[in-house]
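Below is one structure, written out as structure tokens, with a few remarks after it.
What follows draws every value from the coordinates through simple rules; no lab data is involved. Not measured: the values here are computed from a predicted model. Cβ placement follows ideal geometry from the backbone for every residue including glycine, while neighbour counts extend to all protein chains displayed.
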Amino acid sequence: MKRRRFSISIRQDKTLPGISLVEVVVAMGIATVLMGISMTTMHTVLRAERETSKAAWLGSSFHRFSRLIRSDIHAATSLNFQNGSTKNSPELTIQKAGDEVVKYRIEGHRIYRVVSRKDKRVHQDTFHLPEGSHAHFFQQARLNQAGISIDQPDPLSILDQNVTNKHKDERSYLHELSIISTIGYDYRLAEFHKKQPEKETK
């Protein structure tokens, strides 16, 4: 006789690991917060980089302007201001030797420098000041000096949130910077005047 084998199979239902809807929402919320923080940090870094680059560019432009206007005033044979006024003039014309004329003109926060020889323009420069700046040329006849006065906005005053009075003096937000040079004084020859004649020794 053949024996019949009976096999009983017990099927076990295994519960597969899953993710609930609450966990998905929490994970998405955390990811959104982290993404927002990353975007804010990136925006802050890029803005700081732009401000640093702009400050360096303005500093370089101002340094070159300061050097040129000093040199032009030192080499001047005569100065002319707009409408003949030696105070608060937006234009300055410098007559130099050799029929060379250098004209400075202030327009907003830009300063233009035009060099002409025999009524022919040969060179032009543009210099930039911080936005909100006010500048004008002046002359001190008694001291034989001339220059430019620049009122630049103070970053600390602009960022101060406690200053909310609209009737407050506008100059409280500005700090004055002046570039003054002696008219017709060539600084390159100054060393020759300072040297004393050597005495003979026996």
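How many times 2.2 N^0.38 Å is the alpha carbon radius of gyration of region 37-130? Mind showing how you got there, number by number?
Details: Rg = 18.3 Å, N = 94, 2.2 N^0.38 = 12.4 Å.
Output field value: 1.48.
Pop the C-beta distance of Ile30 and Glu51 into the FRET formula with R0 = 35 Å and round what comes out to the nearest 0.05. Kindly include the intermediate steps, with their values, before the conclusion.
Working: r = 32 Å, r/R0 = 0.91.
E(calc), rounded to 0.05, equals 0.65.
Sorted on the mean count of surrounding Cβ atoms within 10 Å across their residues, most packed first, peptides 105-117, 78-90 read 105-117, 78-90.
A simple charge model with +1 on the Cβ of Lys and Arg, -1 on the Cβ of Asp and Glu and nothing else charged puts the dipole of region 82-141 at about 180 debye relative to its Cα centre. Here's how it looks for Ala76: its modeled amide H is under 5 Å from those of Gly184, Tyr185, which are all 5 or more places away or on a different chain.
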